[in-house]
Structures are given as structure tokens and as C-alpha cells.
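Let me begin by presenting the structure, written as C-alpha cells, before commenting on it.
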Amino acid sequence: MARGGGGGCPPMDLMRAEAMELVQVIIPTESAHLTVSYLGELGLLQLKDLNAEKSPFQRTYAAQIKRCGEMARKLRFFKEQMSKAGISTSTQLTEISLDFDDLEIKLGELEAELAEVNANNEKLQRTYNELLEYSTVLQKAGEFFYSAQRSAAAQQREMEANQSGDTSLESPLLEQDMLTDASKQVKLGSLSGLVPKEKAMAFERILFRATRGNIFLRQESIDEPVTDPVSGEKVAKNAFVVFYSGDRAKAKILKICDAFNANRYPFPDDVAKQLHTVREVSAKISELRVTIDMGLAHRDNILRSIASEFENWNRLANKEKSIYHTLNMLSVDVTKKCLVGEGWSPVFATTQIQDALQQATLDSKSQVGSIFQVLNTTESPPTYFRTNKFTSAFQEIVDAYGIAKYQEANPGVFTVVTFPFLFAVMFGDWGHGICLLVATLYLIIREKKLASQKLGDIMEMMFGGRYVIMMMALFSIYTGLIYNEFFSVPFELFGKSAYACRDPSCGDAATEGLLKVRRAYPFGVDPVWHGSRSELPFLNSLKMKMSILLGVAQMNLGIVISYFNAKFFRNSVNVWYQFIPQLIFLNSLFGYLSMLIIIKWCTGAKADLYHTMIYMFLSPTDELGENQLFPGQKLVQLVLLVLALVSVPWMLIPKPFFLKREHERRHQGQQYAMLQTADDSVVADLGDHGDSNHHEEFEFSEVFVHQLIHTIEFVLGAVSNTASYLRLWALSLAHSELSSVFYDKVLLLAWGYNNILIRIVGIAIFIAATVGVLLVMETLSAFLHALRLHWVEFQNKFYEGDGYKFAPFSFDLISEEED
């Protein structure tokens, strides 16, 4: 990632943020809308809100934003209707000829038409559901009346037969009177309808109590749920018929029916009328069904016409709303003929912005052109890195910790390599690395198709970090080849093992029975170590020392980057009283330990490094004895110990005095340009926040305490951060042991049985454990630990991360937020 420049090395785009400038634009009112639209298409200008003291309702374009909100409401209504109808919107975006006013009118007409169609459909559907319920009541009540009439006819025939014979003493006297006197027969009324099944028992009890038992109720369950006309939902119901006597009983029954949401329907007493009603209801149901289907087809046609243009309309509405929001951030000139805006833009975008302003003036046929000018300021600009689809995910890892201060060194440059490498140190297995690589290659190959689809939250994160995962997989294959592990199985990929058995009986149980018969294994760990008795001590020692070397190297890189930060901001105080003592302190202790590790590896000495480092502090003048690795080691240790002790007050004491002297010199009339000649952290220490004319008292005690905290933090952090890198060893060991357990105790154990079912189950368990534990949980664990090593151990050596991100007005960013 480099861009061409003058002589020498071209500057790196990711190493330092783009140079920014504060600009002012003065736009005529008649071309303001088109100008802001062109700037949104360009997406390289971050405008300030110059009306922050005004409420949203007091701003110039509040009415237009209200109209945009109303249009957005109509579009949401259309989307809900399309979702209910199962109609999907077209994803193809095309140029539309409608302007803002025409679109507002069209959306209003479509909403009114759709609302009318929906209202008619709801009325027809309610009537249809009522007729369906009526048809059900006619069927059930008709069955009841038919069975009752058959029973009454049978009783009538029996009474007539009894009456034709001699009247017995047992014949009821009342019955005889009623047969002879028709005026004494009671005329009963009836009500029929449907009641929810869950309320049927309570309905029956309330009716009985309210009428003191002077009713006859018949209920029958309906086999399938019916659609309730009021709620439109499927409800299980019972058909009922109530017989009563008197108007008072009828009034009570009607109130109870209303209370229980029991829908009542008339049922004629005459059989001929019943048949006529059934035919009439059936005919109405058929007619309504046809009418409803036609209405739904008309509604679907309206929604399909909306769906074909929905995305275009939605994009235009959002675009207009963002334009008017941006116009509200501009201040109105006193003549009310111009709008004045201020904002940040990259220096390289100056020509593009001026071209956009000129083009807007021509297209709007304005008599007066827009004015573009650069303002001088001491305000800290936003941070902007130009990234691509490969580097953006790595930059997001850094930004999640904190946005880089303007033009400070960006850890994202180094994170591209160091993050996947430290992950791979903990995840080293080239079999698992190939599995990760295959999964991420699928995402990369299909990235165009997947980018246009709605993915789940987890899948969205994986797709966004697909290039990070690819780098992690490639580095895991590399470290897996070094560890010589393929699902924990070693292979002789680069040649034969350097060792062979002394005799046929020695086996592979221990390395003591092995002889070195050829040159050392050319790349990585010799496969003979795997499975031997010395495997764990050997790999523990190797990985632990390697973790320290990697940790010290990365922390030194962080300190060196702090030097380039200080040189870039021309802050010599940080060079002499922060960078140099920190470098001396870290390397006097842990740089020396790293050197001893390398010497021990090269010479094969058996010196105890724990003993050497402990007694370097406790007894620096004692003889080293068998722990001596090179001549003059005792003198070197004494010198390094003195340097480490001297570097602590070197970090602590001088810097506050230099800051005090700098503060006094600045306020004796010397000019001081913050952004060009000093680090912002120094300015903050001096108590100045950009107002060079305002003299503040220098709080020496606060500055000294602040420096004391930083010194203690670095001294203690040098020890704790180095120890923290031992997580590389711990997680690598855990990954290797888990992989070995799954292979030995699951796969090999199952394969030892001469049973195909056991073998299939064993393979399935091995695959599930490998994917679930090693490829998912272990990947996440190693990712988080690598993240912590970068955020805490590496970035705290140089990275302040107290900046703010460049957020330009861009239609592309708005559409991403909408998605």
C-alpha cells in the first residue's frame, strides 16, 4: 500500500493518516441542494454542524425533513404490505426520472389507493367470515332441530296410540289437559350462534344462573377452527342454540352473549325457510369469494408495481433526507442568499471537491459560483486511512481499541502480519490450517454473491474478516509445518529423521535409545520427538523460549515505533527521556534473557537460565559457575543491571522539568504551532488545549505524578507483558494436546475395533470434536488472545488511540447503514 511521491521512498498510506485540512464552502441558495448532492456522491468532505445551538425544529430545512420522514413512513407501510403479501422487492437499482416533489405525490396517491383497497378487502373479508360462521350455525342448528323434530314426531305418535286406547290411571293429568287445550302451551323463543370453545363452560353456567335454570341450551363442538370476523384469527368455537321464555330472559341472554363474544345468527323455524336461507348464504359466500379474490389480485398488482421501484424510491428518499440534514448543518448568510459550511477533507481531495462545486453551479444554472477556501486552525483533524477490502478488516481490529490520533503511527500496518502470525503460533497445525483455508476460500470466491445477501450476525462477522481468517490459516499452515503436526500426526515431509534406534529393541519410547545418524531435520521439529517420552519437556522448553523471543521482539518494535512518532511530531523530549530509557530498560533485562536463550540454543549448554536471571538481581557479584554461557558474562550482567536501574529515574525526573521550561518559554512571546512542532500529548501535559493566547498556570505536581504513573506502569509492564506472551506457549501446548487426545483416544481407539459401525461412530465423533472444539472454540480462543497481545502488550508502547474517525457525508455510507 504505497502511493507514488517525489524522490526517495514513497510514503505509506496506512502508516500515517491522510493529511487533512479545514475548508470553508460558501454556496448560493439556488444551487445548495445540487451541490450537497454532488458532495455526497463524492464522499470526501466531513461537514461540521454550525447550528448546534438550534433545535431540529428551528433549522432552515425542518419542513423538508418532515416531508422526508412522511415519505419514509409511507415506504415502511408499503414494505409491511409487501411482506404480508409475500412479494419481494427488486434489488436492481436504476436511474429514476422522478424528482422529490413528484415522488411525494406518487407515494401519497399509492398510499391512498392501497389504503382504500385494504379497507374494502377488510370489510368484504369480515362479511365473508360472518357468512361462513352463519353457514356453520345453519348446519349445526339444522341438525339439532331435525333430530328434535324426529323425536317429537315419535312422541306424538306414541301419545296418539295411548289416547286411542283406554286412559290409564298412570297417564299424566297435565298432559291430557294440554292436549285438549292449546291455549295452555308455552311459546318458546330461540337464539343461535357461535361461542369460543374455551369460554363455553363459563357461558353455560352464567346463562343457567342468570335465568335461574329457565332455559334449554344445546352446544356442539365444531371440528375445525373458524376465522373470527372481528379479530380475523382462527378460533376453536362451539355452535349453540338457546331456548327461552319471555322478553326478560331474552335481554339477559343477549347481554351475556355480548360479554362472551358470542356471535349470534338468526335461525328460521320453518324448514322451507331454513333451506332457502342455506341456499342464499351459500350463494353469497361464492359471490364474496370471487369479489375478494379480485380485490386481492388488484392489491397484489399495486404492490408488484411498487416492488419494482421500491429500492429506487427508498434510495431517493434516504438521499433527500440526508441532503436536507446536511443543509441544516450549514449556516445561513446574513443576506440569506448563501449557505456557509465548514468541514474537514483530505488534502488530495481538494481538486475533486472544487470540480464538484463547479459542476453543481453549471448544472443548477446559478449566476454565482460556490467559493472554496482553506482555513488555518489549531484544531486536531479527524483520522482517515485509505483501506481496501484486504486491509480494512485489520484496520477495524485496531480501531476497535481506539481511533489513531491524527497522523500518529498506525499499528494496522504491522497487524496485517503480526496478528495472524501470533494466532498461528497458538494454533499451529497444518491440517487445521488447511480446513480454515478451505472455509475462507469459499467466502472469498463467492464474495460478490454473498456481499449482496442478508447474512446472519455470526456469518456477517466471518465474511467481513474473511481475509484475516485467510492470513490466519496460511500462517497456521506455516507454523504447523514447523511444529510438524497434521491433526497431531508428524510426517517426514522434508526428509528422513536425523535419529535412528541404537538396536532393534529400543523402539520409540525414549530418545536415550536413539543415535544421530544423519544431518539435522531440515525444517521444523524432527518427527521422532512426537510420541517419545521426551516430547513434552522438549516442546515445552522450545515453545516457552520462543514465546519470550517473540514477545521481546514485538515490544521492542512498539518502542521503536514510539521513536518514529516522536520524530514525526518533532518532540525531542520523548526521544531522549522516553524512547531511550525504555529501550535500555527492556533490553537490559529481557533483551539480555533473549540473548541467553539464543546462545544456549546455539552452544547446547546446560545452564539454568532461571537461576541466572534471579541471581542477577539477588547476588550480582557472585560467580556464575556452570551457568556461565560466555566469557565476561558477570561484567555484562553488572553493566546491564546498572543501566536498568539508571533508566528508571531517567524516565521519571527530567521530562517534567523540560515541560515546565517549555511552558515558560512559550508564554514569553515565542510562537508555538501545535500541529507542526509538538506532540499533542506534550501540549496536554502543558495544560494548553489549543488557545495559545490563554495563559494557564503550569501544575508541576500534576505533571510529575502523571510521569510517575507512566514510569511505574512501564517498569511493571515490562515484566507482566513479557510473562503475558507465555500464553503463546500455553495455548499452543493446549491445542496440540487436545488434538493428540482426539486422535489417539477417539479415532485410533475406534479404528482398533473390527466393527464397521464402531468405526463410523468413531470417525463421526472425531470430526465433530475437531470441528467444534479445535476449529471453532480454539480458533476463537487464539483469536482473542492474539487480540489482547496486540491491544495491551504491543500498542501500549506507542499508540495513544485518542483520535476520532473521519466520517464524510457520503451516500454510500448512508446506504450501508440502512442495510
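The values are calculated or read from the model by the stated rules, or taken from the named source; none is laboratory data. No experiment lies behind these values; they were computed from the predicted model shown. All Cβ positions, even for glycine, are placed from backbone atoms using ideal geometry, and neighbour counts span all protein chains on display. Please note that ligands, DNA and RNA were not included when accessible areas were found on the heavy atoms of the full protein model with its side chains. Shrake-Rupley method; radii C 1.70, N 1.55, O 1.52, S 1.80 Å.
For the range 394-436, the residues whose amide N sits under 19 Å from a probe point set 7 Å from the Cα of Ile458 along the beta carbon direction are 435-436. Here the accessible area of the range 186-287 is 53 percent carbon and sulfur, with a 1.4 angstrom probe and all protein chains present. In this entry, the range 254-367 is assigned a mean projected area of 18.1 nm², taken as a quarter of its C-alpha convex hull surface.
When the chain is fully extended, how far beyond the present Cα-Cα distance does Ala202 get from Asp101, taking 0.36 nm per residue of separation? Contour length minus the Cα-Cα distance gives 30.5 nm. Accessible surface computed residue by residue for the chain, with neighbouring protein chains in place and a 1.4 Å probe, gives 55 Å² per residue. What is the sum of charges around Leu784, taking Lys and Arg as +1, Asp and Glu as -1, for the other residues whose C-beta is under 12 Å from the C-beta of Leu784? Neighbour charge sum, excluding Leu784 itself: +1. Stokes-Einstein diffusion for the range 296-454, with the hydrodynamic radius set to the Kirkwood value over Cα pairs and evaluated at 25 °C in a medium of 0.890 mPa s, equals 112 µm²/s. Kindly state, to the nearest 0.05, the FRET efficiency for Arg315 paired with Gln359, given R0 = 25 Å and r defined as their beta-carbon distance. Plugging the Cβ-Cβ distance into 1/(1 + (r/R0)^6) gives 0.75.
The calculated FRET efficiency for the pair Val639 and Arg570, based on their C-beta separation and a Förster distance of 45 Å, comes to about 0.85. The range 579-607 and the range 231-249 have Cα centres lying 93 Å from one another.
Placing +1 on the Cβ of every Lys and Arg and -1 on the Cβ of every Asp and Glu, with nothing else charged, gives the chain a dipole about its Cα centre of roughly 1040 debye. Pair-distance distribution of the chain: all C-alpha pairs, bin width 20 Å, starting at 0; shares per bin in whole percent are 11, 25, 25, 20, 13, 5, 1, 0. Each peptide in 257-263, 605-611 was scored by the mean count of other Cβ atoms within 10 Å over its residues; highest first, the order is 257-263, 605-611. Take the solvent-accessible surface of the protein heavy atoms, probe 1.4 Å, and return the percent of it on the range 436-569 that carbon and sulfur atoms account for. Percent of accessible area from carbon and sulfur atoms in the range 436-569: 65. Judged by the mean number of other Cβ atoms found within 10 Å, the most tightly packed of the peptides 574-580, 73-79 leads the ranking 574-580, 73-79.
Positive-end ranking of Gln354, Leu330, Val281 along the dipole of the range 255-388, with charges on Cβ about the Cα centre, is headed by Val281. Net charge dipole, the range 186-312: roughly 920 debye, given to the nearest 20, about the Cα centre with Cβ charges of +1 for Lys and Arg and -1 for Asp and Glu. Scoring 447-459, 318-330 by mean Cβ neighbours within 10 Å over their residues and listing the highest first yields 318-330, 447-459. Taking a straight Cα-Cα cut-off under 22 Å and skipping sequence neighbours fewer than 8 places away in the same chain, the lysines within cross-link reach of Lys496 are Lys516. Accessible surface of the range 715-819, 1.4 Å probe: 68 percent of it comes from carbon and sulfur atoms.
For the chain, what does the helix formula give at 222 nm: sum of -39500 (n - 2.57) over DSSP H segments with n ≥ 4, over the residue count, nearest 500 deg cm²/dmol? For the chain, the value works out to -18500 deg cm²/dmol.
Report the Stokes-Einstein translational diffusion coefficient (µm² s⁻¹, integer) for the range 403-495, Rh taken as the Kirkwood radius over Cα pairs, at 25 °C with viscosity 0.890 mPa s. Approximately 167 µm²/s, per Stokes-Einstein.
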